[in-house]
Amino acid sequence: MTLDIQKIREDFPILQQKIYKQPLIYFDNAATTQRPRQVIDVLTRTYTEFYGNIHRAAHFLADKATLAYEETREKVRNLINAESREQIIFTKGTTESINLVAYSFGEAFIHEGDEIIVSEMEHHSNIVPWQLLAGRKGAKIIMLPINDEGRLEFEKLESLISPRTKLIAVTHVSNVLGTINPIKQIAQIAHSKNVRIFVDGAQAAAHLIINVQDLDVDFYAFSAHKMYGPNGVGVLYGKKELLEQMPPYQGGGEMISEVRFSGTTYNELPYKFEAGTPNISGVITFGAAIDYLGNIGIENAAAWETELLNYATVRLIQIAGLRVYGTQPGKSGVISFNVEGVHFFDLGTMLDKFGIAVRTGHHCADPLMEHFGIQGTVRASFAFYNTREEIDVFVEALKKIISMF
Ligand code: PLP
């Protein structure tokens with residue numbers, strides 16, 4: 001199905017505005033996407049029609065809010081094809097999902113001398129929690145390298161796995177390079193050696209169809225705010241047999257079954273991992289974002305984003321001195337680059353004056369920057385509401401800026 005981009009754009013009030021008297025061109029979608037009116041309306045309706053604290057009270061509003069909250073859990077289960085709703089844990093984002101696993105899986109399964117393999121292309125949030133765990137337990141982090149194309153050297157994986165390896169932490173899609181990693185194959189290699197796999201799906205969930213059963217991953221995490229939904233909401237999927245063996249991450253209300261000073265028993269999944277009042281309105285609103293994305297069709301969105309990526313790449317590489325990082329065929333709609341003689345920060349701030357929002361810097365991926373021997377890049381990342389005309393304006397603005405240096 002071809003998308004009617006102009007019609008879709010009308011759903012996004014924020015895209016209608018001008019920045020410095022120029023129409024906004026929003027190319028920072030890998031950092032966070034914008035929200036359609038259909039999603040914003042549900043947030044308003046939650047607060048105006050059926051807001052109450054969930055699961056506990058015996059009144060109408062609480063019941064309605066609980067129902068809507070649990071409906072989103074079912075939508076997420078369906079979105080990623082998880083076996084059961086008990087495996088869908090709401091967190092405040094990918095970062096919290098990773099910290100939950102690093103703490104809780106770490107408590108149950110990581111011991112002194114154990115090894116955790118982490119890829120070189122990871123976002124800091126899929127590196128630091130594992131380092132903290134390694135520090136607590138006396139475990140070791142082993143790096144899985146990438147090549148200069150920005151592809152994971154996953155054929156080296158087998159040789160990096162030792163009898164002490166317990167977990168592989170890897171991103172599904174790189175937030176800098178756009179590289180899509182062969183998760184199913186990595187999971188197969190990991191499992192053949194009795195190693196678990198954690199997948200950071202922050203950059204994948206809005207662009208790829210995710211089937212956790214087919215991928216056969218042990219954990220999968222993503223954030224609603226990168227999927228046209230609210231910020232402050234994330235998901236952790238985990239295999240049931242693992243989640244059941246893992247201790248709670250945080251203590252508090254909702255995660256308990258019975259509390260005595262002599263000892264406490266914990267609630268069943270998924271509530272064992274959802275201590276305290278969660279982001280009720282956020283989770284309910286996330287349900288609307290999943291519906292919206294479902295109506296667009298993730299494959300349709302991805303096909304259009306790929307067209308935009310290809311168009312932008314062809315135009316950008318014609319600029320003298322411009323180098324693109326991440327050239328793996330079939331990558332996701334993210335393009336990171338530098339221009340010889342112009343600092344990425346200057347490019348970003350001057351593009352902003354043309355109304356163009358891009359991201360500059362290390363993109364929370366210092367080890368990746370180190371691999372390429374750079375401090376940072378300019379990153380343009382596309383969503384289904386972007387257009388070819390916006391890319392034309394972007395490329396012309398870039399040329400003007402470069403000519404000033
Ligand atoms: N992992 C990747 C690949 C990301 O791109 C990001 C955010 O940019 C994160 C993790 C962290 O996501 P959040 O800030 O929503 O927790």
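The values are calculated or read from the model by the stated rules, or taken from the named source; none is laboratory data. Note that the coordinates shown come from a computational prediction; the quantities given were computed from them, not determined experimentally. Neighbour counts run over all protein chains shown; Cβ positions are idealised from the backbone, glycine included. Keep in mind that these areas ignore ligands, DNA and RNA; they rest on the heavy atoms of the full protein, side chains included. Shrake-Rupley method; radii C 1.70, N 1.55, O 1.52, S 1.80 Å.
For ILE197, nonlocal amide neighbours, meaning residues 5 or more places apart or on other chains whose placed amide H falls under 5 Å from its own, are ILE168, ASP218, PHE219.
Rounded to whole numbers, the Karplus 3J(HN,Hα) couplings from phi for the stretch 268-279 are 6, 5, x, 5, 3, 9, 10, 6, x, 6, x, 7 Hz, using 6.51 cos²θ - 1.76 cosθ + 1.60 with θ = phi - 60°, and x at Gly and Pro. Each peptide among 24-33, 210-219, 45-54 gets the average number of other Cβ atoms lying within 10 Å of its residues, and from highest to lowest they stand as 24-33, 210-219, 45-54. Out of the total accessible area of the chain (probe 1.4 Å, heavy atoms of protein only), what percent is carbon and sulfur? Of the solvent-accessible surface of the chain, carbon and sulfur hold 52 percent. Summarising the label geometry, the points placed 7 Å from Cα in the beta-carbon direction at ALA31 and LYS184 lie 3.5 nm from one another.
Close amide-amide hydrogen proximity is noted between GLY234 and THR91, LYS92, GLY93, ALA224, each under 5 Å apart and 5 or more residues distant or on a separate chain (H modeled in the peptide plane; Pro and chain starts excluded).
Normalising by the residue count of the stretch 117-260, find the relative contact order in percent from Cα pairs under 8 Å and 6+ residues apart. Mind dumping the intermediate values first?
Working: 197 pairs, mean separation 23.9, N = 144.
Answer for the stretch 117-260 is 17 percent.
Counting only protein chains, not ligands or nucleic acids, how are MET143, MET246, MET1 ordered by accessible area (probe 1.4 Å), most first? Let's see the in-between values first.
Numbers: MET143 95, MET246 5, MET1 155 Å².
Descending accessible area places them as MET1, MET143, MET246.
With the highest mean first, a sort of the peptides 290-296, 227-233 on other beta-carbon atoms found within 10 angstrom per residue produces 227-233, 290-296.
Phi angles across the stretch 63-74 convert, under the Karplus curve 6.51 cos²θ - 1.76 cosθ + 1.60 with θ = phi - 60°, into 3J(HN,Hα) values of 5, 5, 5, 4, 4, 5, 4, 6, 5, 5, 4, 5 Hz, Gly and Pro given as x. Summarising the amide proton neighbourhood of GLY253: residues at separation of 5 or more, or on other chains, whose placed amide H is nearer than 5 Å comprise GLY276. Helices in the chain, meaning DSSP H runs of at least 4 residues, each add -39500 (n - 2.57). Divided by all residues, the mean residue ellipticity at 222 nm is -12000 deg cm²/dmol.
Remark: the chain carries 42 Å² of accessible area per residue (probe radius 1.4 Å; ligands, DNA and RNA excluded). Within the stretch 41-294, what percent of beta bridges assigned by DSSP are antiparallel, to the nearest 5? Approximately 45 percent, going by the DSSP bridge assignments.
Here the spin labels are modelled as points 7 Å beyond Cα on the Cα-Cβ line, and at VAL314 and ARG56 they lie 5.9 nm apart.
Ranking GLY341, ILE296, ASN279 by how far each Cα lies toward the positive end of the dipole of the chain (charges on Cβ) leaves GLY341 at the top. Charging the Cβ of each Asp and Glu at -1 and of each Lys and Arg at +1, and nothing else, the dipole of the stretch 41-294 about its Cα centre rounds to 320 debye.
Our note on the geometry: Cα centres of the stretch 216-268 and the stretch 141-184, 26 Å apart. In order along the stretch 164-169, phi translates into HN-Hα couplings of 8, 6, 10, 8, 10, 10 Hz, rounded to whole numbers, per the Karplus curve 6.51 cos²θ - 1.76 cosθ + 1.60 with θ = phi - 60° and x for Gly and Pro. Taking the Cβ of ASP148 as the center, what net charge do the other residues with Cβ under 14 Å away carry, scoring Lys and Arg +1 and Asp and Glu -1? Here the count lands on -2. Projecting the Cα atoms of LEU236, ILE142, PHE109 onto the charge dipole of the stretch 41-294 (Cβ charges, centred on the Cα centre) puts PHE109 farthest toward the positive pole. Taking every DSSP beta bridge that has both ends in the stretch 175-255, the antiparallel portion is near 60%. The residues TRP130, TRP304, sorted by heavy-atom accessible surface at 1.4 Å with ligands and nucleic acids left out, run TRP304, TRP130 from largest to smallest.
Normalising the average separation of contacting C-alpha pairs (under 8 angstrom, six or more residues apart) by the number of residues puts the relative contact order of the stretch 41-294 at 25 percent.
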